[in-house]
Amino acid sequence: MGKLAKSAFILTLGMLISKAIGVFYRIPLANILGAEGIGMYQLVFSVYGLIVTIIGSGMPIAVSRLVAEQISKNKSAKSVFFSSLILSLVVGLIFSIVVYFISNYLAIAQGNSSVALGYKVISPAIFFVSGLSVLKGYFQGTINMLPTSISYILEQFIKLILGLTLAIYLAKYGIEYAVMGSLVGVTLSELVAFFVLMLMYISKRDKNSKITLNATDFTSIIRIAVPITIGSMLIPLSQFFDSFIVVNILSNSMDMELATSLYGLYSGSVTPIVNMPIMLVLTLAMIIVPVVSTDRINHDYNGILLKSKLSLKLCLIVGIPSSILLLVYAKPLLQIVYPRFSNEQIDISSVLLQIATFSIVFYGAMQIETSLMQGLDKIFIPVKNLIIAILVKELVCFILVRLIGIRGLSYATLMLSFVSCFLNTVSYKKLLGKRFNLGNSFVVSLLSGFVFFAVCMVCKNYIFNDISSILVATTFGSSIYYILIRNNNILSSYELSSLGVKYKKPIRLDKLFYRSKNDYYNRCRQKQI
């Protein structure tokens, strides 16, 4: 658990830095491109995100699982790595070529032929992302999150420098060229990150073991990666459908530029803000797969139970106050982040953000439970649950966008997160049994959240400077929230010690859970004592 906490800290720190850089990238990019330009950028990114998910989501999880299992058996993971790399690069190359040659057809199908140039310049990025996914999975399987953190920071930093520079320089030739310049920055960022991580692997590789490529490795990779990829691509696929549904429905009652701008407000301005706290929770989801997979191999039920509870409790503790803060300060935050937006655009975006903020806890919990089930080799359960949730979401989206406009997309996305979280929770509880119970933790976290909400409202109403109000509410409210969480024992003393909080009297888990003499977790615990 100590290594888990350290890895989570490194990955969280890396993601925080990368997200901070991403904010510095997104804010000026939105101001350079404007609402229409961001809408065009997001049209390309909806398709690019879907393809990247297809080639780059299942592979890291599959590789991290197989590497962790090889290491737990005291075997070399080199063959698994190279088999995965060859397979992934071939698939990535095929997708890059296909996207380049069908770019015009994609742009016309989305209702905006100007984005074809963007597809052409971003197509090489797909190849490098495919290689990056394997490298990240390898390092995650060894519970070494430093290379992944470096990759995140590099990608964002290069996009910030080169993407903005090219967007500014090319803006004088037209909005489509400014969008193209920002997308060239994406391609260059993936190229640099790939070569940096490859150099890190070469410097740390096992030089003694030999590479033996065989059909078994390829079969294992495909068996694990394909169902995970199907599950991971469902949400980007849903966003891909949204880019067609929303713009085409809205354009029936308004011109295409305005419809694209409204879609851009939600997908390009609101979604990145909502995703920031979610990404903090997803660091646990990335780490938990190889850790839980190792516990599964060692038949350590108690270890799985403890890690499951801890990760979901942390999701509640982070997600609830994040949702409340964005709910209360939606409009001031958008005014600070997007100063070039008109008052009308800020008003629309703030309503969309207030609706979407409720999805933070649901989406975070759904992702963690999905990763836990992947680690337990129950890969198809979360896929089935997500398919049901997306069908509900698309039906709601189709109906509500016609009735209430762009707000319908925000309500539909909230419905997706709630339904998928509910179904995953029911499924995971069936797997672990009655001992997997977080009802008390949820109630206490929610009640503490109401106190945090009251503090935010007081600060908003009596401190008239937006930045000062947000800072005071965050500092003072978070302190009270932490005290309430701490005093009500949401996290046990052992869970706190695993996060680096030391206690003189650690909890004796053998008094709480039944342990067999062959329990791997218990043997490790006895050695520590």
request  = Work out from phi, with θ = phi - 60° and the Karplus expression 6.51 cos²θ - 1.76 cosθ + 1.60, the ³J(HN,Hα) of each residue of the range 114-121, listed in order in whole Hz, and give x for Gly and Pro.
outcome  = 5, 8, 4, 4, x, 4, 5, 7
note = Given Cβ charges of +1 for Lys and Arg and -1 for Asp and Glu, the option among SER113, LEU162, VAL134 whose Cα lies farthest towards the positive end of the dipole of the range 67-177 is VAL134
ask   = Ignoring ligands, DNA and RNA, what percent of the accessible area of the range 70-160 is carbon or sulfur (1.4 Å)?
value = 71
ask   = Which whole-Hz couplings ³J(HN,Hα) result when phi for each residue of the range 251-263 is put into the Karplus expression 6.51 cos²θ - 1.76 cosθ + 1.60, θ = phi - 60°, listed in order with x for Gly and Pro?
value = 5, 6, 10, 7, 6, 4, 5, 5, 4, 5, 5, 5, 4
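When ranked by the protection proxy of mean other Cβ atoms within 10 Å per residue, highest first, what sequence do the peptides 176-185, 89-98 form?
Numbers: 176-185: 24.5, 89-98: 16.6.
Highest-to-lowest ranking by the protection proxy: 176-185, 89-98.
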query = Between MET145 and residues 5 or more places away or on another chain, which pairs have amide H atoms under 5 Å apart, with H built 1.01 Å from N, and which residues are they?
reply = none
key: For the range 314-407: accessible area per residue (Å², 1.4 Å)   = 39
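What is the sum of charges, Lys and Arg at +1 and Asp and Glu at -1, for the other residues whose Cβ falls under 12 Å from the Cβ of SER269? Write out the running numbers ahead of the final one.
Working: positive: ARG26, ARG340; negative: none.
So the environment of SER269 carries a net charge of +2.
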remark   = In the range 409-498, taking the dipole from +1 charges on Lys and Arg beta carbons and -1 charges on Asp and Glu beta carbons about the Cα centre, the listed residue (SER441, VAL458, THR474) farthest towards the positive end is SER441
inquiry  = I need the peptides 58-66, 99-107 ranked by packing, meaning the mean over residues of other C-beta atoms within 10 angstrom, with the highest value on top.
reply    = 58-66, 99-107
inquiry  = How large a share of the accessible area of the range 398-475, in percent, is made up of carbon and sulfur atoms when the probe is 1.4 Å and the other protein chains stay in place?
reply    = 72
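The values are calculated or read from the model by the stated rules, or taken from the named source; none is laboratory data. Owing to the predicted nature of the structure, the values given are computational and were not obtained by experimental measurement. Positions of Cβ are backbone-derived with ideal geometry, glycine not excepted, and every protein chain shown enters the neighbour counts. For accessibility, only protein heavy atoms count, side chains too; no ligands or nucleic acids. Shrake-Rupley method; radii C 1.70, N 1.55, O 1.52, S 1.80 Å.
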